[in-house]
Amino acid sequence: MSRNLRKKAVARASRRASNNNNNNNTGPSLVSILAINNTPLSSLHNTDEEDLWSETSGDTIDSWASNSSKTNEDKAFEEAISWEDEVLQSVDDLEEKRTSIREDALAKLIRLLSRKFSAYLLESRRQSLLDLLIRSIKKDKSYKENVLAAKVLALLFITFGEGHEEMYQEVVPILKYITINTASPEVKSACIKTLGLSCFIAGSKYEAIDLLNFLSDIIRTSGASVNADDNAGPITSALNTYGLIFSELWSSSQKGGTQRAKEEFERVMPDHTKQLESATMEVRVASGENIALMFETLGIGRRIDSERWGNEDNSDEEGDTDYDGIEQLTHMLSTLATDSNRYRAKADRKIQRSVFRDVLRTVKDGDHIKEKLKFKNQTVYFTTWAKIIQLRSFREILAEGLKAHFEENTLLQEIFEFVPPPPLEPLRNRPDSALSYNTAGSDTDTSVSKRKLKNNNKRAKVRKGNKRKGDIG
């Protein structure tokens with residue numbers, strides 16, 4: 001063991017011992033570690049550094065660490081301490097002068113904050129971390145740092161949840177300024193997405209409408225309003241973010257919606273229809289999903305039964321909302337749903353056809369879309385465009401950490417009306433079952449499917465057969 005490794009080993013053991021003492025838990029102290037090797041504490045005084053970090057003491061610590069019996073709780077505690085240390089160290093590294101160190105710290109924070117709910121750990125550092133992230137977003141030396149900082153800022157809003165409107169008010173002018181003035185399309189896209197999530201979580205209704213206007217200008221001008229003429233990245237981000245904010249403002253309205261929602265629909269439909277002709281698949285898809293969301297929200301052009309779209313008794317009071325261009329729109333959607341142009345990539349054609357078949361069914365027939373999210377033995381169903389668009393926004397930033405936030409973050413639980421399952425019972429006392437949850441707007445209740453297995457070998461085969469590509473958890 002080299003000298004540096006021995007130093008790190010003893011320092012790590014000392015830090016863990018200190019943590020255990022602070023929490024009134026028993027743990028190895030530096031005194032006990034030295035005692036294992038019959039080393040008196042007094043010998044530490046008046047010794048050279050090389051004597052203190054001797055080969056023997058390093059071997060003793062390694063031996064203690066490998067031979068001591070640890071319970072699962074001990075291991076979980078040590079992992080939690082290590083994770084907390086890494087988070088706090090990454091926050092400290094944001095103050096470093098070297099750009100590469102800050103970039104590494106931001107990348108670590110994205111990984112750490114997305115995979116574990118950490119509000120308790122960062123609450124005391126909320127303002128200082130916010131200031132550091134704003135500083136990184138404003139740096140003009142590294143576009144990579146700007147993008148990473150914008151992502152961490154979005155995770156910060158997800159972590160702290162609602163009730164922090166002052167945070168949103170502090171960052172929104174900076175994010176808008178960077179979106180307009182940066183030369184990087186990637187930075188523009190990252191700032192637009194962070195604007196959307198932060199407003200969705202912490203913004204007021206007035207601020208949400210103001211953001212809709214900012215986004216609709218980007219869509220209407222095909223990016224020119226933010227100096228990104230015909231650049232697919234910022235336009236796609238603006239469309240996706242527009243759908244997220246629209247879903248928050250008006251998706252809970254009854255059939256017909258509010259007068260403000262109707263006016264907004266009439267204002268932005270020409271721009272969305274125009275984007276259906278974009279040369280980029282992502283832009284066409286995002287525009288189509290927003291159109292389906294607006295048709296679903298307003299119940300346009302048809303009498304739809306009250307169980308699916310709202311109370312039909314109220315339709316006479318507000319009147320049906322019609323769209324004069326419905327025939328032309330359905331023709332465009334049908335074309336996109338059956339597009340077989342060879343000049344488009346095969347994967348793009350497949351995604352486009354799948355999405356626009358669902359969009360067409362909503363616009364033409366008023367049908368519901370259905371999407372499911374699997375967490376090992378749990379399945380959560382989403383049956384409205386509003387909830388699906390919201391889910392995709394959170395899934396994009398949380399990635400594989402979506403499951404952890406569904407289980408621990410009350411923000412996501414409230415948005416999607418998700419009730420975490422109770423702690424699992426011991427396997428021998430627990431029936432083999434798959435749990436199914438449904439979000440608001442679902443047309444089915446919670447269901448439980450049971451499988452009876454005759455022996456352990458059959459159970460293993462069934463579980464292996466039921467493993468699906470893309471499952472989370």
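The values are calculated or read from the model by the stated rules, or taken from the named source; none is laboratory data. Source: prediction; values computed, not measured. Cβ: placed from backbone, ideal geometry, glycine included. Neighbour counts: every protein chain shown. The area values use the complete protein model at the heavy-atom level, side chains included, leaving out ligands, DNA and RNA. Shrake-Rupley method; radii C 1.70, N 1.55, O 1.52, S 1.80 Å.
Length gain on complete extension for the stretch Glu263 to Ala399, per 0.36 nm per residue less the alpha carbon to alpha carbon distance?
45.4 nm
Sequence gap at least 6, Cα distance under 8 Å: using those rules, report the relative contact order of the stretch 82-160 to the nearest whole percent.
So the answer I get is 33 percent.
Once amide H atoms are placed 1.01 Å from N in the peptide plane, what residues at a sequence separation of 5 or more from Thr379, or on another chain, have their amide H within under 5 Å of its amide H?
Those lying under 5 Å, H to H, from Thr379 are Leu435, Ser436, Tyr437.
Pull out a ≥ b ≥ c, the square roots of the eigenvalues of the alpha-carbon gyration tensor of the stretch 130-231, then state rounded if a/c is under 1.5, prolate if not and a/b is larger than b/c, and oblate in the remaining case.
Because a/c hits 1.5 or more and a/b fails to exceed b/c, the stretch 130-231 counts as oblate.
Return the subset of Lys176/Lys205; Lys108/Lys346; Lys116/Lys350; Lys151/Lys176; Lys193/Lys387; Lys188/Lys350 for which the Cα-Cα distance in this structure is over 25 Å, preserving the input order.
Exceeds cut-off: Lys108/Lys346; Lys116/Lys350; Lys188/Lys350.
What ranking of His164, His405 comes out by heavy-atom accessible area, probe 1.4 Å, highest first?
Correct descending sequence by accessible area is His164, His405.
Using packing as a proxy for protection, rank 219-230, 411-422 so that the peptide with the highest average count of other Cβ atoms within 10 Å comes first.
Per-residue mean Cβ counts within 10 Å order the peptides as 219-230, 411-422.
How would the stretch 230-297 be classified by its alpha-carbon gyration tensor: rounded, prolate or oblate, with rounded meaning a/c under 1.5 and the a/b versus b/c comparison settling the rest?
prolate
What ranking do 103-113, 364-374 get when scored by the average of other Cβ atoms within 10 Å per residue, highest first?
Packing order, densest peptide first, comes out as 103-113, 364-374.
Quick one, can you get me the convex hull of the C-alpha atoms of the stretch 82-160 expressed as volume per residue in Å³?
76 Å³
For the stretch 265-304, what number results from the quotient of the Cα radius of gyration and 2.2 N^0.38 Å?
Its radius of gyration relative to the 2.2 N^0.38 Å reference: 1.23.
Let me check I've understood the local charge: for Ile110, count other residues with C-beta under 14 angstrom from its C-beta, Lys and Arg +1, Asp and Glu -1. What total comes out?
+1
Compare Ser90, Ser340, Ser278 by solvent-accessible area with a 1.4 Å probe and give them largest first, with all protein chains kept in place.
Ranked from most to least accessible, the order is Ser340, Ser278, Ser90.
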